[in-house]
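Trainee: Take this structure first; my questions come after.
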Amino acid sequence: MDNLQEIKDRFAPTGHLRVSINLGNPILAKAEVGNQPPSGVSVDLAKEFARRLGLEIEWVVFNSAGESVEAVTSEDADIGFFAIDPLRGVGVNFSAAYVHITGSYLVPEASELQTIEEVDQSGNRIVVGKGSAYDLYLTRNLKSASIVRAPTSPKVVEFFVQNQCEVAAGVTQQLESDLQRFPNHRLLSGNFMLIQQAMGVPVSRGDLAAQYLADFVEDVKRTGFVAEALIRNGIKGASVAPQVEE
């Protein structure tokens, strides 16, 4: 590619590719013991992206989506992995989604709530991870229920139980995992949103960088790289996002 050096300069002005990783979504990334780099689907994608550009990675790791987005928006990181949301799009150019996951509700076993449609009622307090995709979505869409914010997504159910709230919201797989620690609870059938996980680059890096990132995501979906990463990392319940039609 004739403009490869220009693309490298756009993505890595410091000489290293600074990759923002959010550990608040363990479906896509998790911390390793000691000083080892994180692992997961988004980490695998970052390594492949850096390999194609011939760049070394500098990991910039956070415990919440909000912090991870802010790092890319403020150019303290060069790329990141986030759920697509209009609010985040102010400072970040997103690719199309590479993975689809879902958002679900968890309630106490004794709760009168039986369906997702019953949740948005006055008096129901819904615990979310601060700055998460489902926090942003529910903030825009709830009419009657109120939102209570836990510090991070992995802390949602613990916070929900401690504060005796009515509903916990989160990534379906995270809530399913939390049921092992909090067995006297249940998930409501179905999901309240489809979470579109994408890659992002600061808007300031321009159209060339945005297009290269978009093309990369379409290629790793088409070639099966994303599907293989899901299998390799033992992720169930997430699906490869459809190809974007040209």
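Trainee: Rounded to whole Hz and in sequence order, give me ³J(HN,Hα) for the range 57-62 from the Karplus expression 6.51 cos²θ - 1.76 cosθ + 1.60, θ = phi - 60°, writing x for Gly and Pro.
Mentor: Result, rounded to whole Hz: 9, 10, 7, 10, 9, 10.
Trainee: Which is farthest toward the positive dipole end of the chain among Ala46, Pro13, Leu28, measuring Cα position about the Cα centre, with Cβ charges +1 (Lys, Arg) and -1 (Asp, Glu)?
Mentor: Leu28
Trainee: Can you spot the aspartates and glutamates whose alpha carbon is less than 17 Å from Lys47's alpha carbon? Ignore those fewer than 8 places along the same chain.
Mentor: Within the straight-line cut-off, Lys47 pairs with Glu32, Glu56, Glu58, Asp78, Asp215, Glu218, Asp219, Glu228.
Trainee: Given the pairs Lys8/Lys130; Lys143/Lys236; Lys8/Lys155; Lys130/Lys236; Lys30/Lys143; Lys8/Lys221, which are separated by over 28 angstrom at their Cα positions? Don't jump to the answer; show the numbers that get you there.
Mentor: Details: Lys8/Lys130 33 Å; Lys143/Lys236 32 Å; Lys8/Lys155 37 Å; Lys130/Lys236 25 Å; Lys30/Lys143 34 Å; Lys8/Lys221 22 Å.
The pairs that break the limit, which is 28 Å between Cα atoms, are Lys8/Lys130; Lys143/Lys236; Lys8/Lys155; Lys30/Lys143.
Trainee: Let me ask another. Using helices alone, I'd like the mean residue ellipticity at 222 nm for the chain: each DSSP H run of four-plus residues gives -39500 (n - 2.57), total over residue count, nearest 500. Provide the component values of the computation, followed by the final result.
Mentor: Working: 8 runs with 78 residues, N = 246.
The helix contribution divided over the chain gives -9000 deg cm²/dmol.
Trainee: While we're on this one: Evaluate the relative contact order of the chain (contact order divided by residue number), counting alpha-carbon pairs under 8 angstrom at least 6 apart; express in whole percent. Write down the numbers at each step before the final one.
Mentor: Details: 483 pairs, mean separation 64.6, N = 246.
Relative contact order, the chain: 26 percent.
Trainee: Once you've got the GNM for the chain with C-alpha springs shorter than 10 Å, pick whichever of Val41, Val217, Val33 has the biggest mean-square fluctuation.
Mentor: Val33
Trainee: State the antiparallel share, in %, of DSSP beta bridges confined to the chain, rounding to the nearest 5.
Mentor: Taking every DSSP beta bridge with both residues in the chain, the antiparallel ones total about 60 percent.
Trainee: What are the membrane-span-like helices in the chain by this rule: whole DSSP H runs, Cα extent along the axis at least 18 Å, mean Kyte-Doolittle hydropathy at least -0.5?
Mentor: Values: long enough: 41-53 (19 Å, 0.13); 206-222 (25 Å, -0.20).
Membrane-span-like by this criterion, though nothing is claimed about a membrane: 41-53, 206-222.
Trainee: Next question, about the same structure. For Ala83, enumerate residues with amide H under 5 Å from its amide H, sequence gap 5+ or separate chain, H modeled in the peptide plane.
Mentor: Close amide H contacts, sequence-distant or interchain: Ala198.
Trainee: Let me ask something else about it. When the chain is modelled as a GNM with alpha-carbon springs shorter than 10 Å, which of Thr139, Thr223, Thr172 fluctuates the most?
Mentor: Between Thr139, Thr223, Thr172, it is Thr223 that shows the largest mean-square fluctuation.
Trainee: Quick check on packing: order 143-151, 19-27, 101-109 by the mean number of other C-beta atoms within 10 Å, highest mean leading. Show your work: numbers first, answer last.
Mentor: On the way: 143-151: 14.8, 19-27: 25.4, 101-109: 21.0.
Order by mean packing, descending: 19-27, 101-109, 143-151.
Every read-out reported here was derived from the displayed coordinates using simple, explicitly stated rules and does not represent laboratory data. No experiment lies behind these values; they were computed from the predicted model shown. Note that we place each Cβ from the backbone using ideal geometry, even for glycine, and neighbour counts take in every protein chain shown.
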